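I have placed the structure first, in the form of structure tokens, so that the comments after it can refer back to it.
The values are calculated or read from the model by the stated rules, or taken from the named source; none is laboratory data. Note that the structure is predicted; figures quoted are calculated from it, not measured. Here the Cβ is made from the backbone with ideal geometry for all residues, glycine too, and neighbour counts use every protein chain on show.
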Ligand SMILES: [Zn+2]
């Protein structure tokens, strides 16, 4: 993996990430294809919407179809016929969100798979093995994801475990055509965030992710933590803010030097009729759109907005037609890729703060997570 800067505008960075299956221009949004496919969007649509890299989930793929199937095809790229870079999330976040069915100790985590009730044991080494079989371009370490609201003592114990697991992950990762990212944690205390960021970034990872943010806290808290973390991040490695797909927060993150983001929300929202527009989010299911002949977003240049009316998509989504969900999904993905494309251009022209201000002025109703 190589990472180089093309331009900077204060802390915001426009960079280029060279991976085994292609080159990614940053800042970048990564759509989520948990099971090896972005829901309601065929691969060519995912790419046409502007995706340069997709995310898949090692935990879900390990449960189904299983490593024996994926390895018999020669890896996830071959199995799913993906020809662009793939990042695999370790599944830590999903496992720890099973709460009642999770037992964690210093060596690893035991959990019951929600799909079939079978019991599994994940250690940092096991998670490396899984992702090396999957063959993603970027693998993520196993980290402990704390639920918000934990006290300082619990947070300290947890971040120590995450640091230990990061060391073990580095030792057991051997694929040199696969980049490996460490994940910083540390809850919602400035000091614990600083400890975790310092410990994780002192290790020779290819890039660094920020975990455990945007998990239900308010925007002010997210930005306060982000400021602390970003001030300690190495300049020469890519920085990945996990689980963020809100346009406003994406721009705040880019302004602070974040290079990569992912979120399941834009595609999940679309399936329920919630779409991004240049003037905030709208819910196309509302009856006010039944006779509306305008596109989802009059300022959007995507092929859905060039060809279909709000009235038609309103009808399809109300009738639970897959085509309606597909059209809304395509638009939402295009909207975020287009936002990042404009952000890259603005950084290149050193006009990011003006671009951000204009975008915020246009938006009067922000998407809520
Ligand atoms: Zn559109």
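Considering each residue of segment 265-290, count those that are more than 15 Å from the ligand (Cβ to nearest atom) and within 22 Å of the chain's Cα centre (by Cα), and give that number.
Our first condition is that a residue be more than 15 Å from the ligand (Cβ to nearest atom); within segment 265-290, this holds for 265, 268, 271-272, 283, 285-288, 290.
From what is left, the residues that are within 22 Å of the chain's Cα centre (by Cα) are 265, 268, 271-272.
Number of matching residues: 4.
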(request) Might you check whether a residue that is more than 16 Å from the ligand (Cβ to nearest atom), assigned to a helix (DSSP H, G or I), free of Cβ contacts under 8 Å to residues at least 60 places away in the same chain and surrounded by fewer than 19 Cβ atoms within 10 Å (Cβ to Cβ) occurs anywhere in segment 291-314? (result) no
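Can residue 347 be described as modelled with pLDDT of 95 or more, more than 9 Å from the ligand (Cβ to nearest atom), closer than 25 Å to residue 264 by Cβ and surrounded by 15 or more Cβ atoms within 10 Å (Cβ to Cβ)? Walk me through how you get there before you give the answer.
Working: modelled with pLDDT of 95 or more: yes; more than 9 Å from the ligand (Cβ to nearest atom): yes; closer than 25 Å to residue 264 by Cβ: no; surrounded by 15 or more Cβ atoms within 10 Å (Cβ to Cβ): yes.
No: the conditions fail for residue 347.
Taking segment 315-324, which residues are in a loop (DSSP other than H, G, I, E, B) and either touching a residue at least 40 places away in the same chain (Cβ under 8 Å) or within 17 Å of residue 45 (Cβ to Cβ) (or both)?
To start, the set of residues in segment 315-324 that are in a loop (DSSP other than H, G, I, E, B) comprises 319-321.
Within segment 315-324, 321 is the sole residue that qualifies.
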(request) Considering only segment 229-252, state which residues are more than 24 Å from residue 360 (Cβ to Cβ) and free of Cβ contacts under 8 Å to residues at least 24 places away in the same chain. (result) 235
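Of the residues 191, 217, only one is surrounded by fewer than 23 Cβ atoms within 10 Å (Cβ to Cβ), at pLDDT below 95 and farther than 22 Å from residue 28 by Cβ; which? Let's see the steps before the verdict.
Details: 191 fails: at pLDDT below 95.
Testing whether each residue is surrounded by fewer than 23 Cβ atoms within 10 Å (Cβ to Cβ), at pLDDT below 95 and farther than 22 Å from residue 28 by Cβ leaves just 217.
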(message) Give all pairs with beta carbons closer than 6 Å in which a residue from segment 183-195 that is on the phi > 0 side of the Ramachandran plot meets a residue that is part of a loop (DSSP other than H, G, I, E, B); count only pairs at least 6 apart in sequence or on separate chains.
(response) 187/146; 187/150
(message) Testing residue 124 on (1) under 20 Å from residue 261 (Cα atoms); (2) buried (at least 21 other Cβ atoms within 10 Å of the Cβ), one condition comes back false. Which one is that?
(response) (1)
(request) Please work out if residue 103 is surrounded by fewer than 22 Cβ atoms within 10 Å (Cβ to Cβ) and touching a helix residue (DSSP H, G or I) at 6+ places or on another chain (Cβ under 6 Å). (result) no
(message) Given the condition crowded, with 16+ Cβ neighbours inside 10 Å, assigned to a loop (DSSP other than H, G, I, E, B), within 21 Å of the chain's Cα centre (by Cα) and more than 12 Å from the ligand (Cβ to nearest atom), answer yes or no: does some residue in segment 329-344 qualify?
(response) no
(message) Looking for something under 23 Å from residue 347 (Cα atoms), surrounded by fewer than 19 Cβ atoms within 10 Å (Cβ to Cβ), more than 16 Å from the ligand (Cβ to nearest atom) and over 18 Å from the mean Cα position of the chain (by Cα) - is there at least one such residue anywhere in segment 236-255?
(response) yes
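Go through 142, 87, 115, 159 for me and flag whichever is closer than 29 Å to residue 201 by Cβ and out of contact with any strand residue (DSSP E or B) (no Cβ under 7 Å at 6 or more places or on another chain). Walk me through how you get there before you give the answer.
Numbers: 142 fails: out of contact with any strand residue (DSSP E or B) (no Cβ under 7 Å at 6 or more places or on another chain); 87 fails: out of contact with any strand residue (DSSP E or B) (no Cβ under 7 Å at 6 or more places or on another chain); 115 fails: closer than 29 Å to residue 201 by Cβ.
Every option except 159 fails the conditions.
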(message) Condition first: under 17 Å from residue 108 (Cβ atoms) and assigned to a loop (DSSP other than H, G, I, E, B). Now tell me which residues in segment 140-179 satisfy that.
(response) 141, 142, 143, 144, 145, 146, 173
(message) Out of the residues in segment 256-290 meeting the condition of being out of contact with any helix residue (DSSP H, G or I) (no Cβ under 6 Å at 6 or more places or on another chain) and assigned to a helix (DSSP H, G or I), tell me which one is surrounded by the most Cβ atoms within 10 Å (Cβ to Cβ).
(response) 269
(request) Could you please find all residues in segment 193-230 being within 18 Å of residue 264 (Cα to Cα) and part of a loop (DSSP other than H, G, I, E, B)? (result) 211, 212, 213, 214, 215, 216, 217
(message) Of everything in segment 194-214, what is at pLDDT below 95 and over 24 Å from residue 94 (Cβ atoms)? Give them in sequence order.
(response) none
